[in-house]
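Report on one structure; see the data block that follows.
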Amino acid sequence: MPRITPALIGAAVALALATPAHAQLTSPIPAGTIYLFSVVGVMNQGGLGTYFSCTSTSALAQTVTVEVFDGAGMTSGSGSLIVAAGKGARFSTQAAAGLVTDSLLASGSIDGGGTARILSTDKKLLCHAFVATTSGTLPTMTPLTIVKKLKQKAAN
């Protein structure tokens, strides 16, 4: 009969008690990107979705990434687009009547306590975020506050 050593038992206990790794709002960002904005109040359930509209003010194309997190901080979805100089892009947690989306974030259910972060390869980016109804011909929209990285300094 094989002998179980105390070190093996300790390793098994440590693995059993370890929390699963997941990205969070404060997780390291991918190499080559700049953390520009955070958004609070993200939701994706009950006929409501969150929408992000960003416009490049750069003379060069840039890659823009939106990552959404649920209320527990778990990654819920993400998407990246190459945005040409002076052009815009729209990201969303779900499709909605009357709203055009360039990147669907494949988000799971988020109850309103979610967050998002917006990353880019260039600092020259303007963004707006809002929650909207997903049915009907004209969605009802509510703006969300966007802050610089993790600092509450925005005027909206």
What is the one condition in (1) more than 21 Å from residue 29 (Cβ to Cβ); (2) crowded, with 20+ Cβ neighbours inside 10 Å that residue 85 does not satisfy?
(2)
Any idea how many residues of region 108-120 are crowded, with 19+ Cβ neighbours inside 10 Å and not in a strand (DSSP E or B)?
0
Residues (outside any strand (DSSP E or B) and either without any contact (Cβ under 8 Å) to a residue 60 or more places away in the chain or farther than 19 Å from residue 76 by Cβ (or both)) located in region 95-107
95, 97, 98, 100, 101, 102, 105, 106
Output for Cβ contacts, cut-off 7 Å, separation at least six or different chains, first residue hydrophobic (A, V, I, L, M, F, W, C) in region 39-53, second surrounded by fewer than 18 Cβ atoms within 10 Å (Cβ to Cβ) and modelled with pLDDT under 95, reads 40/145; 43/111; 43/112
Filter region 88-103 down to residues that are surrounded by 15 or more Cβ atoms within 10 Å (Cβ to Cβ), out of contact with any Lys or Arg (no Cβ under 8 Å at 6 or more places or on another chain) and among the aliphatic types (A, V, I, L, M) and give me whichever is nearest to residue 122 (Cα to Cα).
89
Please verify whether region 47-65 includes one or more residues that are more than 20 Å from residue 146 (Cα to Cα), loosely packed, with under 13 Cβ neighbours inside 10 Å and modelled with pLDDT of 95 or more.
yes
Output the number of residues of region 133-149 satisfying the condition of being surrounded by 14 or more Cβ atoms within 10 Å (Cβ to Cβ) and in a strand (DSSP E or B).
4
Boolean, residue 125 is farther than 15 Å from residue 42 by Cβ and among the aliphatic types (A, V, I, L, M)
yes
Residues that are assigned to a loop (DSSP other than H, G, I, E, B) and in contact with a Gly (Cβ under 8 Å, 6 or more places away or on another chain), drawn from region 65-94
70, 71, 93, 94
Any idea which of 77, 98, 71, 86 is out of contact with any helix residue (DSSP H, G or I) (no Cβ under 7 Å at 6 or more places or on another chain), more than 16 Å from residue 40 (Cα to Cα) and modelled with pLDDT of 90 or more?
86
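The values are calculated or read from the model by the stated rules, or taken from the named source; none is laboratory data. Computed from a prediction, not measured in an experiment: that's the story for all the values here. Cβ: placed from backbone, ideal geometry, glycine included. Neighbour counts: every protein chain shown.
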